[in-house]
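Written below as structure tokens is the structure these notes are about.
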Amino acid sequence: MVKRIAAALGIALVVLIAIIVFNTIIFTAEEDEAIALVTHKVNVEQAAQRLGEAVRFETDSTKRRSADFPRFIAWLEETYPTVHTTMERQLISNQTPLFRWAGMDASLKPVLLAAHYDVVPVPKASLPDWVHPPYAGMVDENFVWGRGTLDDKGAVIALMEAAEAMIAEGFQPKRDVWFSFGHDEEVGGIFGAGAVARKMRTDGVQFAWILDEGSFVLDDIIPGLERPIASINVAEKGTISIELVAKGAGGHSSMPPKQTAVGTLARAVDRLQNNPVPGGLDGVTADFFDRLGREFGLPERALFANTWLFGPLLENQLAKANTTNAMLRTTTAPTMLEGSPKVNVLPVEARAGVNFRLHPRDSADSLLTHVEEAIDDGEITIIKPENYSEASTVSDADASGYLAIEKAIRQTFGNVATVPGLTIAATDARHYGRVADNAYRINPFQIEDHDLARFHGTNERLSKDNLRLGISFYRTLLEAQ
Ligand SMILES: [Zn+2]
């Protein structure tokens, strides 16, 4: 009897191993059709000098009245005269230039390519650490240095350089191509991209697709991958900040109750942190890891190939790293606390601020239900904000726009894997996406691990090589429109 059970178990184990091995063997990247590299002749020195000039305008989004905004727009006009005479340009909210490049066939749906020229502030304390001052626009042998080079003036300049050269060569697109350069992306994009979307809706313009920032070609950033990954993001997370309030009787701290408002509030925050919003490998996250998983060597590939068995184990592992955890779920970040103004005074009120980044599977309402259930305390008032943004819809990774971007990426960057990803921060694409069938998010630059800290950080820079690739990418993509 025992022998028979052992034999049955042995056979089951062999079958199980066979299934795992079989699934792993067939779990490979789809054979990329051989795509020849396309390289355009690009005047990269000129482009680099111009990006340097663009950096010198301090278009800090927290100083929106700065004269550098109109000065930047005037500089664009002087620097790219052919674009300005060929395309129709309007200024949205006086500061966001919106261009329409008329196509030859009015029956085709238009597309929109977007970038933004506002930048985040430079903290004073970081100034001594900059190799070159952040607004000097220094161009050395290999790099253009300064605030905004990566995020996102590099893309503005690459688009303008591409279009200026193409028009000079007599190119006209088949469909209408629009460019939009937002001036307030870093502070929500309401008056730039948001106003563009409202205007397009009023005017009855619906885009086939839009392309904005949101990811990059990532080299050596995810350990274990053999080639760079171009994450063409098909969705972006939403953001909502909730306030928690606990009330108390107040009074002197020498005769405190068993628990003060601060204690009640702290318990609520703790419960929230210990009850993460459920997440996992489904929807856009599943598609991302399904394509990414094929790029790993063993043993990771065996795990991703057999999510039917290893799914929970994988989710557990992915949840351990902050970056991959943010891909899996709506994240919870308690960020602000406030109690009594004096240490010997009992609080009459204690407040906490918690920021959540909504995964496309969740909504603000479903999140609030989760928060109420997790806290489960009648003493806590949960205040929903007036302003928040839901996660975007998920765009189609098989639609013509995605395929066109994917092809241009491969034509420009060669042997890279393309995956449909999720932008975990907020960008202007969520506004433009409201007037488009699909919204995609990637900047055509290849970045490495050490570049991540330069975003919104110190020593932001873009290599001339990247600038050349970016211009070449936009040209290739535009030629197909
Ligand atoms: Zn940006």
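Here, each number is a calculation from the coordinates, and none is a lab measurement. Here the structure is a predicted model, which is why all the values come from computation and not from measurement. Here the Cβ positions follow ideal geometry from the backbone for every residue, glycine too, while neighbour counts run over all protein chains shown.
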- Task: Taking GluC sites (Glu not before Pro) as candidate sites, keep only those in a DSSP loop with at most 14 other Cβ atoms within 10 Å, then name the longest stretch of the chain containing none of them.
- Result: 227-385
- Note on the structure: Taking only Cα atoms of the chain, the Rg to Rh ratio with Kirkwood Rh works out at 1.03
- Note on the structure: 1/(1 + (r/R0)^6) with r = Cβ-Cβ of N325 and Q172, R0 = 35 Å, i.e. FRET efficiency to nearest 0.05, evaluates to 0.15
- Note on the structure: Per the helix-only model, the chain has a calculated mean residue ellipticity at 222 nm (DSSP H runs of ≥4, -39500 (n - 2.57) each, divided over all residues, rounded to the nearest 500) of -11500 deg cm²/dmol
- As straight-line cross-link partners of K63, the qualifying lysines (C-alpha separation under 23 Å, not fewer than 8 residues apart within one chain) are K124, K153
- Message: For the pair W75/N275, report the inter-label distance in nm, with labels modelled 7 Å from Cα in the Cβ direction.
- Response: 5.2 nm
- Net length gained if the chain between N94 and T62 were fully extended (0.36 nm per residue, minus Cα distance): 9.9 nm
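Hey, what's the Kirkwood Rh for the stretch 235-383 if you take every pair of different alpha carbons, in angstrom? Spell out each step's value before the answer.
Numbers: mean 1/r = 0.0574 Å⁻¹.
For the stretch 235-383, the Kirkwood estimate is 17.4 Å.
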- Message: With the crude spin-label approximation of a point 7 Å out along Cα→Cβ, what separation in nm comes out for N142 versus I17?
- Response: 4.8 nm
- Distance in nm between label sites at L37 and L108, each 7 Å beyond Cα in the beta-carbon direction? 2.8 nm
- Length released on extending from L309 to T85, taking residue separation times 0.36 nm less the Cα-Cα span: 74.6 nm
